[in-house]
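**Student:** Mind having a look at this structure? Questions to follow.
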Amino acid sequence: MFPAYTIENYVEFGQDCQQKKETLSKQEFKVFQESWGRTLVNHCIKISLWWESLAGEWEDKLKQLPFATIDRSGLHKLAQMPLEALNDWYQEITASLQEHGVLRPQDMGRIACLFIPKPKRTLKLGETLTDEDFALVGKKYKLTATQLEALTQQTLELADGEPVVTEDMFPLLEAQELDPSVLLGKGDRTIWCLRQKDAEIELERSLRLETERKLNEELDQRLAQQAQVYEEKLNEQAQQHQTMIEQQAQRIAKLEQLMNDGLSQQKAKTKPNSFFSEVNSLTSDDSQASKKAKGFGNLAMANSGTSH
């Protein structure tokens, strides 16, 4: 078993593990991990990388802390803390030393836990996704490593070079019949559900407006067709009426022509008898004169008789 005595031991072993990870094949490194223990190797790699990120003054301060032995689990927890929390942790550890006069191996990890961000259990809307977030998604939906890798790649492609936020992943999850709301906290879940409801209402409204638009277009087309048919019928009737008027005018003109022709023929027939008419007229006049003369004669005779 690897001795758990000093920080340097873990750092040096972690550096060696990191070097082997970079130089060995995946299969060879897997064998190496199994020979030493996967957890030990991974923890020491994490510790060595964290140690290399520290400023020189912190290396000295940590080495000078009077731990009888270094607990690997506690040192790993210390490596999980944000670097900006290291000063607060140091103040707490020195305060515990002053209070108890000794530092127990477990104190390193116990106090470090106060400053380690709690593992994320939910995602937030509008939040830029990290590897930790994708890992949480894989855990929530129990995705295999291949499935999670495919989901991550597809999400990045959808973002098209822009920062990937939580909502970018949702269409892909829904396409796989996975409920995105299980990734969200209570407040964000409510907001998301309301957004979905609003989206459904807006979609229904859009569909209704589109349906109404199509119905109005069909109605306008029908009215236009009916108006065209009606106009054509009116034009046809007007044409028929005009034809009837023209035909009637032609008949009237023919009748007038026939009447004029008849009168002309009648006048032509009466012209040869005009002489006899004049003679008859004269004869009639002489007869009337004779009658008048006789009348006057009789009257004269009567008057002479009376005078005698």
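The values are calculated or read from the model by the stated rules, or taken from the named source; none is laboratory data. Given the structure is predicted, the values throughout are model-derived calculations rather than measurements. Cβ sites come from the backbone with ideal geometry, for glycine too, and all protein chains shown count toward neighbours.
**Student:** Hey, could you check region 68-77 for residues that are in contact with a helix residue (DSSP H, G or I) (Cβ under 6 Å, 6 or more places away or on another chain) and hydrophobic (A, V, I, L, M, F, W, C) and say which is nearest to GLY14 (Cα to Cα)?
**Tutor:** So, considering only residues that are in contact with a helix residue (DSSP H, G or I) (Cβ under 6 Å, 6 or more places away or on another chain) and hydrophobic (A, V, I, L, M, F, W, C), the one nearest to GLY14 (Cα to Cα) is LEU75.
**Student:** Does GLU8 meet the test of being out of contact with any helix residue (DSSP H, G or I) (no Cβ under 9 Å at 6 or more places or on another chain) and at pLDDT 90 or above?
**Tutor:** On the way: out of contact with any helix residue (DSSP H, G or I) (no Cβ under 9 Å at 6 or more places or on another chain): no; at pLDDT 90 or above: yes.
No.
**Student:** To continue, here is another question. What are the residue pairs meeting all of these: first residue in region 143-154, first residue within 13 Å of LEU178 (Cβ to Cβ), second residue in a helix (DSSP H, G or I) and among the β-branched types (Val, Ile, Thr), Cβ atoms under 8 Å, and 6 or more apart or on different chains?
**Tutor:** LEU143/VAL137; LEU148/VAL137; LEU151/VAL137
**Student:** Only one of GLU22, GLU52, GLU59 is among the acidic types (Asp, Glu), out of contact with any helix residue (DSSP H, G or I) (no Cβ under 6 Å at 6 or more places or on another chain) and surrounded by 15 or more Cβ atoms within 10 Å (Cβ to Cβ); which? So that I can check it myself, show each step before the final result.
**Tutor:** Working: GLU22 fails: surrounded by 15 or more Cβ atoms within 10 Å (Cβ to Cβ); GLU52 fails: surrounded by 15 or more Cβ atoms within 10 Å (Cβ to Cβ).
GLU59 is the lone residue from the list that is among the acidic types (Asp, Glu), out of contact with any helix residue (DSSP H, G or I) (no Cβ under 6 Å at 6 or more places or on another chain) and surrounded by 15 or more Cβ atoms within 10 Å (Cβ to Cβ).
**Student:** Any idea how many residues of region 100-113 are in contact with a helix residue (DSSP H, G or I) (Cβ under 7 Å, 6 or more places away or on another chain) and either of a type in the set (Ser, Thr, Tyr) or surrounded by fewer than 17 Cβ atoms within 10 Å (Cβ to Cβ) (or both)?
**Tutor:** Of region 100-113, the ones in contact with a helix residue (DSSP H, G or I) (Cβ under 7 Å, 6 or more places away or on another chain) are 103, 105-109, 111-113.
Adding the requirement that they be either of a type in the set (Ser, Thr, Tyr) or surrounded by fewer than 17 Cβ atoms within 10 Å (Cβ to Cβ) (or both) leaves 106, 113.
Here the count works out to 2.
**Student:** Within the set of pairs 6+ apart or on separate chains, which have a first residue in region 167-181 that is surrounded by 12 or more Cβ atoms within 10 Å (Cβ to Cβ), a second that is β-branched (Val, Ile, Thr), and C-beta atoms under 6 Å apart?
**Tutor:** Taking only residues 6 or more apart or on different chains, the pairs are ASP168/THR155; MET169/THR155.
**Student:** Scan GLN91, GLN15 and give me the residue that is part of a helix (DSSP H, G or I) and either in contact (Cβ under 8 Å) with a residue 24 or more places away in the chain or crowded, with 16+ Cβ neighbours inside 10 Å (or both).
**Tutor:** Values: GLN91 fails: either in contact (Cβ under 8 Å) with a residue 24 or more places away in the chain or crowded, with 16+ Cβ neighbours inside 10 Å (or both).
Going through GLN91, GLN15 in turn, the sole match is GLN15.
**Student:** Which of the residues that make up region 111-131 are among the charged types (D, E, K, R) and either in the same structural domain as MET81 (by TED's automatic domain parsing) or farther than 15 Å from MET81 by Cα (or both)? Break it down stepwise before answering.
**Tutor:** First pass over region 111-131, keeping only residues among the charged types (D, E, K, R): 118, 120-121, 124, 127, 131.
Correct list: ARG121, LYS124, GLU127, ASP131.
**Student:** Which count do you get for residues in region 122-163 that are surrounded by 14 or more Cβ atoms within 10 Å (Cβ to Cβ), over 24 Å from THR190 (Cα atoms) and among the charged types (D, E, K, R)?
**Tutor:** Number satisfying all stated conditions: 0.
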